[in-house]
Each structure stands twice: as structure tokens, then as C-alpha cells.
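Report on one structure; see the data block that follows.
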Amino acid sequence: MSSPTTYELFAVKYGTHERRAAENFIFQDIHDGPMPLDYFVWVAKSPDKTYVIDTGFDEATGRRRDRAIIRNPAAGLSALGIDATAVEDVIITHLHYDHVGNFEIFPRARFHLQDREMAYATGRYMCHDRLRLPFDIENVTGMVRQVYQGRVEFHDGDEVLDSGLSLHRVGGHSHGLQIVRVHTQRGWVVVASDASHFYAHLETGNPFPLVFNVGDLLEGHRTCRRLADSEQHIVPGHDPLVMQRYPAPSSDLEGIAVRLDVAPR
Ligand SMILES: [Zn+2]
Ligand SMILES: [Zn+2]
């Protein structure tokens, strides 16, 4: 059996938002204090293929939600030497406003999405204000348009997308949330996205309050651990510590991108 393809793996930061710890956990047995969120897109790159994971929100969405964009995700990718207009595969972990959008910067891409996420974002649960809140109708209808253009590849549960790269639906935070397992030079890394916003969610089992199903979310933590080579191989979706623990690919990318395929500090 041939060994799996090895990818370079990057997190690209495109935004940030001030919050307090009390807003970030369901159970309030925590020390309150500032606990900002960072916003990322991720990239898995082999010699022959580039996968972009999530596309981020655009300026208009950021303004509507009072969230600052530091740089357009396309500019972040471009700083890494990736031309978004040439990318052919984009994995969407889930359809929350901060993970999908910016369709126009990926004119050649097909979008990889879980069946259940599309059903969730367009079905009966969206009649509930609280569950609808993290979705943006422009992004959801934007994805429906991609479906009608034949540009969405749907997945159901676990799927090997390529040698060394697989998708795994965990649900929980959003009904069809998927995580991405990537083979790198340091072993199998899991891009957890919002299966764990912060390291602290995995460490404490105290979830982020925005959740569809708490049981599935906690089982999702187990799935992350099962798929990653160690706890150090799980990358949370919004933790500013990611930018501190991992090195920039080069000095000019300091504060813009980090390498996840090397061991964290
Ligand atoms: Zn989310
Ligand atoms: Zn998110």
C-alpha cells in the first residue's frame, strides 16, 4: 500500500472580534475576562493540489455583524502564494456566516459540503431565530446558486476526498459540521473548525454556547481525538493561541498565516 500524500497545512487569519470568556462557554464556572475570537481560513497544499478549507465572510457581512476583517481572505491566500481564482476544491466545514461566502473569489472551485448541513440551513430548524442567527441568507442562497450551477459536491458522513485528506461529519455545533483530517510531515492533523472554537473547549468539555446538539458536539471532541495523532494535532477554529503556538511560514507572513504542519511551541 502506498503511503498517503503529505500536505503542507496553513491557517490564514482574516479577522478578529473582541469577546469575554463568559460569552464563550455554556457553563459559567469559568474565570471571566477578555477572550477574543480570531477568524481563519485554512489551506492544505500538496505538490499537485490545493484545498482551501472555508472561505470566510466578506466586508459587507462583517459590517452587518460588527466584525472586523483584517484582510480579505483572498489577500491572505495570495500572501501565501495561492491564487484563489485557480483553486479547484474548497471544503466548507459548515454554512455559518464566518465560514462561507466570498464565492466570487473562487470562480473555478467546486464546494465540498455535507448533505446534512444544506438540509439544516434550508429546513425547518431555520424557523427558530436563535438557530438561524449564525447563518446569513446571502451565503445560504449563494450556496444554493452553486448547487444549481453544478458546483457543489455533497458528502454524507465520512469521506476520503484524496490521498491523505478526509472529511468527517461531527455535527453538534451545526447539524452538518464537518472536520478535516490532513496527513502532514508531523502526522495526522485535524482541522476542527467549530467542533472546538478554542483549545479550552476541548480541554474542559464546556462547549461554546452556539450549539445545535450538545451531545453530538461532545462526541465530536472524541472524534477529533480519534482522528488526530495527539491533542497537539487538533487545530481549533477560532483560538488566537493558534497564531502564537505555530510559526509563520516566513517573516513577511508574521501575523497573517501560520504553519500547522510543524509542531506547536
Ligand atoms: Zn460556526
Ligand atoms: Zn465559526
ask   = Residue check: is HIS155 farther than 26 Å from ILE105 by Cβ and modelled with pLDDT of 95 or more?
value = no
key: Single match in ASP229, ASP252 (criterion: open to solvent by 20 Å² or more (accessible area, probe 1.4 Å) and assigned to a loop (DSSP other than H, G, I, E, B))   = ASP229
request  = For region 183-191, state whether one or more residues are surrounded by fewer than 16 Cβ atoms within 10 Å (Cβ to Cβ), at pLDDT 95 or above and in a strand (DSSP E or B).
outcome  = yes
task = Give, as residue ranges, the strands (runs of 3 or more DSSP E) completely inside region 57-155 that count at least 1 residues that are within 16 Å of ligand 2 (Cβ to nearest atom) and out of contact with any Lys or Arg (no Cβ under 9 Å at 6 or more places or on another chain).
result = 89-91, 110-114
key: One residue from ARG186, ARG169, ARG181 being touching a residue at least 12 places away in the same chain (Cβ under 8 Å), in contact with a Ser or Thr (Cβ under 6 Å, 6 or more places away or on another chain) and more than 15 Å from ligand 2 (Cβ to nearest atom)   = ARG181
ask   = Within region 74-85, is even one residue in contact with a strand residue (DSSP E or B) (Cβ under 9 Å, 6 or more places away or on another chain) and within 16 Å of ligand 1 (Cβ to nearest atom)?
value = no
query = Taking into account only those residues within region 201-214 that are in a helix (DSSP H, G or I) and in contact (Cβ under 8 Å) with a residue 12 or more places away in the chain, which is farthest from ligand 1 (Cβ to nearest atom)?
reply = THR204
inquiry  = Condition first: within 16 Å of ligand 1 (Cβ to nearest atom), crowded, with 22+ Cβ neighbours inside 10 Å and aromatic (Phe, Trp, Tyr). Can you find one or more residues in region 127-145 that meet it?
reply    = no
query = Can you name every residue in region 224-243 that is under 18 Å from the mean Cα position of the chain (by Cα), more than 16 Å from ligand 2 (Cβ to nearest atom) and not aliphatic (A, V, I, L, M)?
reply = ARG225, GLU231, GLN232, HIS233
message = Going residue by residue through region 39-49, is there one that turns out to be outside any loop (DSSP other than H, G, I, E, B), within 15 Å of ligand 2 (Cβ to nearest atom) and among the charged types (D, E, K, R)?
response = no
request  = State which residue pairs qualify: first residue more than 28 Å from PRO73 (Cβ to Cβ) and inside region 25-47, second residue open to solvent by 100 Å² or more (accessible area, probe 1.4 Å) and modelled with pLDDT of 90 or more in any location, beta carbons under 9 Å apart, and separation of 6 or more residues or different chains.
outcome  = ASP32/ARG20; GLY33/ARG20
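Let's see how each residue does on (1) within 17 Å of the chain's Cα centre (by Cα); (2) within 26 Å of ALA228 (Cβ to Cβ); (3) touching a residue at least 60 places away in the same chain (Cβ under 8 Å):
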| site | (1), (2), (3) |
| --- | --- |
| HIS96 | yes, yes, yes |
| GLU104 | no, no, no |
| THR122 | no, no, no |
| LEU133 | no, no, yes |
| THR141 | no, no, no |
| TYR148 | no, no, no |
| GLY157 | yes, yes, no |
| GLY164 | no, yes, yes |
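The values are calculated or read from the model by the stated rules, or taken from the named source; none is laboratory data. Note that the structure is predicted; figures quoted are calculated from it, not measured. All Cβ positions, even for glycine, are placed from backbone atoms using ideal geometry, and neighbour counts span all protein chains on display. SASA here: full protein model, heavy atoms, side chains in, ligands and nucleic acids out. Shrake-Rupley method; radii C 1.70, N 1.55, O 1.52, S 1.80 Å.
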